[in-house]
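Take a look at the structure below.
The values are calculated or read from the model by the stated rules, or taken from the named source; none is laboratory data. The structure presented is a predicted model; accordingly, all values stated were derived computationally and were not measured. Here the Cβ is made from the backbone with ideal geometry for all residues, glycine too, and neighbour counts use every protein chain on show.
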């Protein structure tokens, strides 16, 4: 499941869904409780989008194991299971999965965001630790390969408030953020593009990332509160999450047989004339189908 929703509660409320989102939590009238409930729904919709695409949409660290033909040109060529590929962290290869030569700074060419061409000619003084002792495996034949890479789209949030004209922001998860990269702070009414300083050094990718300060190439045009999206997720993917969440909020408050049987009642649903959200679900699925994995 994503660590944070791909669309924040504030960003969702800025979309023209015309829904009352202050009556979602029936047990409380506290606005913060309503926001927390909406955030939970958005998180579940984000996880649904991941499931529809059969991989996380947000930037994440992934390990791929495969047997690959090692060409006589010293190149390994493989198709990434997850995409788009942002960064290749390390490559291990060998005749035995238990004895791999690991390249921590591999030379990799990524084509169409998913096809990786890995040069074994960059091994330099790295010793071949495979089960055979004569030379590198790049002589034609299959080898075992383990590739650790970052894939997906940056989708995190501000971890702290940022003042206007600031040149440093704190993000909750830096995975996938690259020096010189362009991202969007999605705060309704104060959205802006940011460019990361080309000289900024990102932390090593981790499966348990920590908040990190990111240096910007240009000062912020607006002040921003913590919790707003810092994203490179395509707009139509964000819209799919909004559509799925809206469909959940339109679940009929009736036990009659239909697509969304439900006995609950809230101001979110009962004051809306729409009878179902299936059209929104279909539209969300059509959008996500355009980003399906190609094996």
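Quick check on my filter: what residues within the range 41-83 are surrounded by fewer than 18 Cβ atoms within 10 Å (Cβ to Cβ), outside any strand (DSSP E or B) and over 17 Å from the mean Cα position of the chain (by Cα)? Result: 71, 72, 73, 74. Residue-level analysis places residue 286 among those that are at pLDDT 90 or above and exposed (fewer than 14 other Cβ atoms within 10 Å of the Cβ). When residues in the range 182-196 are screened for being more than 21 Å from residue 6 (Cβ to Cβ) and touching a residue at least 24 places away in the same chain (Cβ under 8 Å), 0 of them pass.
When the range 107-124 is limited to residues that are under 15 Å from residue 73 (Cβ atoms) and surrounded by fewer than 13 Cβ atoms within 10 Å (Cβ to Cβ), the one that is modelled with the lowest pLDDT turns out to be 121.
When you scan the range 38-45, do you find a residue that is closer than 27 Å to residue 178 by Cα and in contact with a strand residue (DSSP E or B) (Cβ under 9 Å, 6 or more places away or on another chain), even just one? No, the range 38-45 contains no residue that is closer than 27 Å to residue 178 by Cα and in contact with a strand residue (DSSP E or B) (Cβ under 9 Å, 6 or more places away or on another chain). With the structure loaded, tell me whether residue 2 is crowded, with 16+ Cβ neighbours inside 10 Å, more than 18 Å from residue 240 (Cα to Cα), in contact with a strand residue (DSSP E or B) (Cβ under 6 Å, 6 or more places away or on another chain) and outside the structural domain of residue 243 (by TED's automatic domain parsing) or whether it fails that test. When the stated conditions are applied, residue 2 does not pass them. How about the range 90-114: which of its residues are within 28 Å of residue 290 (Cβ to Cβ) and in a strand (DSSP E or B)? 108, 109, 110, 111 - these are the residues of the range 90-114 that are within 28 Å of residue 290 (Cβ to Cβ) and in a strand (DSSP E or B). Screening the range 188-263 for strands (runs of 3 or more DSSP E) wholly inside it with 2 or more residues that are at pLDDT 95 or above and surrounded by fewer than 20 Cβ atoms within 10 Å (Cβ to Cβ) returns the ranges 192-195, 212-215.
At least 1 residues being touching a helix residue (DSSP H, G or I) at 6+ places or on another chain (Cβ under 9 Å) and at pLDDT 95 or above is the threshold, and among the strands (runs of 3 or more DSSP E) wholly inside the range 125-174 those reaching it are 155-157. Condition (residue is in the same structural domain as residue 239 (by TED's automatic domain parsing), out of contact with any strand residue (DSSP E or B) (no Cβ under 9 Å at 6 or more places or on another chain), buried (at least 19 other Cβ atoms within 10 Å of the Cβ) and at pLDDT 95 or above) applied to the range 16-26: is it met by at least one residue? Looking through the range 16-26, none of the residues is in the same structural domain as residue 239 (by TED's automatic domain parsing), out of contact with any strand residue (DSSP E or B) (no Cβ under 9 Å at 6 or more places or on another chain), buried (at least 19 other Cβ atoms within 10 Å of the Cβ) and at pLDDT 95 or above.
Being touching a residue at least 40 places away in the same chain (Cβ under 8 Å) and over 14 Å from residue 158 (Cα atoms) is the requirement here; does residue 215 meet it? No; evaluated as a whole, the condition is false for this residue.
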